[in-house]
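Comments concern the structure below.
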Amino acid sequence: MLTLSDGVEVGCRALLIATGIAFRKLDVPGLDRLSGAGVYYYAPMSEAFSYRDGNIYIVGGANSAGQAAMYFSRFARQVTMLVRGNSLSDTMSQYLENQIAATKNIEVKLNSSVIAVEGTDHCERITIQNNKTCSTEAVPASALLIYAGAVPRTDWLAGIVERDAQGYLISGQHLMLEGKRPTGWSVDRDPFYLETSVPGIFVAGDVRHRSAKGVTSGVGEGAMAVKLVHQYLGLL
Ligand SMILES: Cc1cc2nc3c(=O)[nH]c(=O)nc-3n(C[C@H](O)[C@H](O)[C@H](O)COP(=O)(O)OP(=O)(O)OC[C@H]3O[C@@H](n4cnc5c(N)ncnc54)[C@H](O)[C@@H]3O)c2cc1C
C-alpha cells in the first residue's frame, strides 16, 4: 500500500522507486535569493561559458568540486576552492589533487566557509570566514558553485526497504551477504538485479546504491527495471 501526499492510498503489486537525490543546501544569508543567478548547486558545465574571465568560487572539497574546479578553470580567470577541512587529501582522489595543484589559476583556501552572498540581481560578492581564526573577508565573485554533497530521497522508506549508510537503496547482488538472502526475504529465489530487499519493490537511477549517477544510466536502469517488473508479475 502506498500513501500519496494528498492522503490517498493506492494498492500495487509492484513498485519502482526512482526518487533521485537532493543536494545538501547551505544555510547562508543571500544564497537562496541568488540561486540560479550566479549561485548554483552542482552547476551544469554549460554555465562555464557565462563566466569566461570571471572570478569563480567553488564550495566543497570532494571529487565533484575538484572536477568542477578543473573544468571551470579552462574558462574563468581565477577559480578559488573553499574547503572547510584542513586538507583536500581526506576527501579528494590524489590524481585530482595533483591536477589542481598544477593548475595556475586555481587556488585552494583550506579551513574556509562562505558565510554571506550579496548582489543586486546576480552574485557579485561573497564573504568568506576562516574557520580557525574566525576572521572574515568580503571578495568580488562572479559565481558561487556549491558541491556540498547530496542525499538520496529515501527517508520515507526507513525501516521498510534496506538502505546503505548514506540512505541509498540496496538491490540485487548487493543484498546477498555471503550468499545469503536478505533478512525477511519471503520468496524462494534471489532478488532480481534491481529489486530491493522487499520482493516486488524495484529501484532505478541515482537513488540506487552503487549506481553510476547520470542521465544515461538512469534511463537505462529505468528500462531494465520495467522488464524486471514484468518478469516479477509473471511469477505471481
Ligand atoms: C545541475 C545539474 C547538472 C547535471 N548535469 C548532468 C549531465 O550533464 N549529465 C548527466 O548524465 N547527468 C547530469 N546531472 C545528473 C542527472 O540530472 C541525474 O543523474 C539524473 O537526473 C538522475 O535521474 P533520476 O531519475 O535517478 O532522478 P531525478 O532526475 O532526480 O528524478 C527524481 C524524481 O523523483 C521525484 N521524487 C522524489 N521523491 C519523491 C516522492 N517521495 N514521491 C514522488 N516523487 C518523488 C523528484 O521530484 C524527481 O522528479 C546533472 C544534475 C544537476 C543537478
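Name the residue farthest towards the positive end of the dipole of the stretch 1-105 from the options Gly38, Gln78, Ala18, assuming +1 on Cβ of Lys and Arg, -1 on Cβ of Asp and Glu, about the Cα centre.
Gln78
What whole number of Å gives the distance from the Cα centroid of the stretch 137-169 to the Cα centroid of the stretch 1-27?
The stretch 1-27 and the stretch 137-169 have Cα centres spaced 17 Å from each other.
For the stretch 205-236 and the stretch 38-75, write down the distance between their C-alpha centroids in whole Å.
31 Å
Looking at the chain, send over the antiparallel percent of its DSSP beta bridges, to the nearest 5.
Close to 50 percent.
From the Cα gyration tensor of the stretch 25-146, with a ≥ b ≥ c the square roots of its eigenvalues, which class applies: rounded if a/c is under 1.5, or else prolate if a/b is larger than b/c, or else oblate? Please report the intermediate quantities before stating the final value.
On the way: a/c = 1.71, a/b = 1.15, b/c = 1.48.
It is oblate, given that a/c is not under 1.5 and a/b is not larger than b/c.
Sum up the charges of everything whose Cβ sits under 15 Å from the Cβ of Met176, counting Lys and Arg as +1 and Asp and Glu as -1, but leave Met176 out. Let's see the in-between values first.
Values: positive: Lys180, Arg181, Arg189, Arg210; negative: Glu162, Asp164, Glu178, Asp188, Asp190, Glu195.
For residues surrounding Met176, the net value is -2.
Just the number, please: percent antiparallel of the DSSP beta bridges in the stretch 25-146, rounded to the nearest 5.
40 percent
Under the classification rounded if a/c is under 1.5, otherwise prolate if a/b is larger than b/c and oblate if not, where does the stretch 74-122 fall, given a ≥ b ≥ c as square roots of the Cα gyration tensor eigenvalues? Walk me through the numbers before you get to the answer.
On the way: a/c = 3.06, a/b = 1.42, b/c = 2.16.
Since a/c reaches 1.5 but b/c is at least a/b, the shape of the stretch 74-122 is classed as oblate.
All of the numbers you see were taken from the coordinates with simple rules; none came from a lab. A quick note: this is a predicted structure, and the numbers were derived from the prediction, not measured. Heads up, the Cβs are rebuilt from the backbone with ideal geometry, glycines too, and the neighbour counts pull from every protein chain shown.
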